[in-house]
1. Provide the per residue accessible area, probe 1.4 Å, for the chain, rounded to a whole number of square angstrom.
2. Semi-axes of the equivalent ellipsoid of the chain: what are they in whole Å, largest first, if each equals the square root of 5 times a C-alpha gyration tensor eigenvalue?
3. Would you please give the residues with an amide H less than 5 Å from that of residue 7, counting only those at least 5 places away or on a separate chain, with H modeled from the backbone geometry?
4. Quick check: pseudo-label points 7 Å beyond the Cα along Cα→Cβ at residue 136 and residue 256, how many nm apart are they?
5. Any chance you could check the Cα centroid distance between the range 192-208 and the range 213-281 for me, in angstrom?
6. Within the range 123-232, list the chymotrypsin sites (Phe, Trp or Tyr not before Pro) lying in a DSSP loop whose Cβ has at most 16 other Cβ atoms in a 10 Å radius.
7. With axes computed from alpha carbons, what is the tilt in degrees of helix 174-183 against the longest principal axis of the chain, rounded to the nearest 10 within 0 to 90?
8. Once every Cα of the range 21-93 carries one equal point scatterer and solvent is ignored, give the base-10 log of I(q)/I(0) from the Debye formula at q = 0.11, 0.15 Å⁻¹, two decimals.
Amino acid sequence: MVLDRHWYTETSDTLGMGLALRLRQTLHEETSPYQTIAVHETETFGRLLTIDGLVMLTDRDNFIYHEMMTHPALFAHGAAKRVVIIGGGDCGTLREVLKHDSVERATQIEIDERVTRVAEQYFPALCESNDDPRATLAFEDGVAWMQNAPDASVDLIIIDSTDPIGPAEGLFNEAFYRQCHRVLAGGGLLVQQSESPLVHGELIGSMHAGLAGAGFADTHLLGFPQPTYPTGWWSATLAARDPGALRAPESAPAFETFYYTPAVHTAAFAQPAFMARILGG
C-alpha cells in the first residue's frame, strides 16, 4: 500500500497489478493488537476501510459483497434460524442476514473488536442492525469458538474473513472445516469468501478439496463482481452438509436489495470452462 495526500494505491508484486483511488483525506488510523485499521475519504467511492493496507470495503461497492455472502446461502437453505458469522467485523454481513425473518439468532465472531468499533463510527449504515435483539457480537477467535460449539447447533455458517494470512489463516483448512461440519445441523450450509477466480484458482481448488475431505456433500462456487478487490472479480464458496440440500429461490426478496435477485442467484452458480476444470466439473 502506498499512501500520499492525493491517492491510496494498493499493489501486489505477486499478482503484478494494483488499484488506486483518489483521496480527499484520511479520517482514522490505528494499530490494534492484531492489525492496522484505517479509514479514508475518497473522491468517488465514498469512505474506504483498509486493514494492513488492503481494501476491505468502500461505500460505493460493498453492497455487492455483503449481499452475495448472505442471500444466496440463506435462500438456498430456505429455513435457517441459527446463523454464525466468522469475521465480518464491519457488520455489513450481519445487517444482510437479519433482513431474513426466518433468522432467530445471528452470532458474529470477530477476533478484533476494534474493527467493529471503527465501523460503528465511520460506517454506521453497515452497523444499523447491531442492536437487533437477535444479534450477538462476540469478540474472540473464530477457530476456538467453532471448536467449542455444540454439535448440530447452527444452520448456516458464514466465513466473512480477510485473506488467508495472519488472523484468518486458520479458517482455510480441512481441520477447521471438519469442526464446521460437526457444528452444522442437518441441511446446514457453509459459505466462505474465496478470493478471485482469475488469480486464486489454486486456493479455490484447495478449499473445495478441504471441504470435501471434511465431509461436505456438495460444494459450489458463486462468482460476482467486486470492483475494488484484486481483478474486480470475486467469489464465495458454498458447501452443503448433506446431498441435495440447496433450494432455488422461489421469488424476489421481500426486502430491498441492490445487487441480489433470483436471476443473479441462478447465474452466480454458472462456471466458466477454466474454473469448471479446476473444480473437477
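1. Working: 11940 Å² over 281 residues.
Heavy-atom accessible area per residue stands at 43 Å².
2. On the way: eigenvalues 157, 91, 70 Å².
Whole-Å semi-axes of the equivalent ellipsoid: 28, 21, 19.
3. It is 23, by chain and number.
4. Placing both labels 7 Å along Cα→Cβ, they lie 3.1 nm apart.
5. That distance is 13 Å.
6. On the way: sites: 139, 145, 172, 176, 177, 216; in loops: 139, 172, 216.
Hits after loop and neighbour filter: 139.
7. Tilt relative to the chain: about 60 degrees.
8. Calculated log10 I(q)/I(0) at the listed q: -0.36, -0.61.
The values are calculated or read from the model by the stated rules, or taken from the named source; none is laboratory data. Nothing here was measured: the structure is a model prediction, and the numbers come from that model. Note that we place each Cβ from the backbone using ideal geometry, even for glycine, and neighbour counts take in every protein chain shown. Heavy atoms of the whole protein, side chains included, go into the accessibility calculation; ligands, DNA and RNA do not. Shrake-Rupley method; radii C 1.70, N 1.55, O 1.52, S 1.80 Å.
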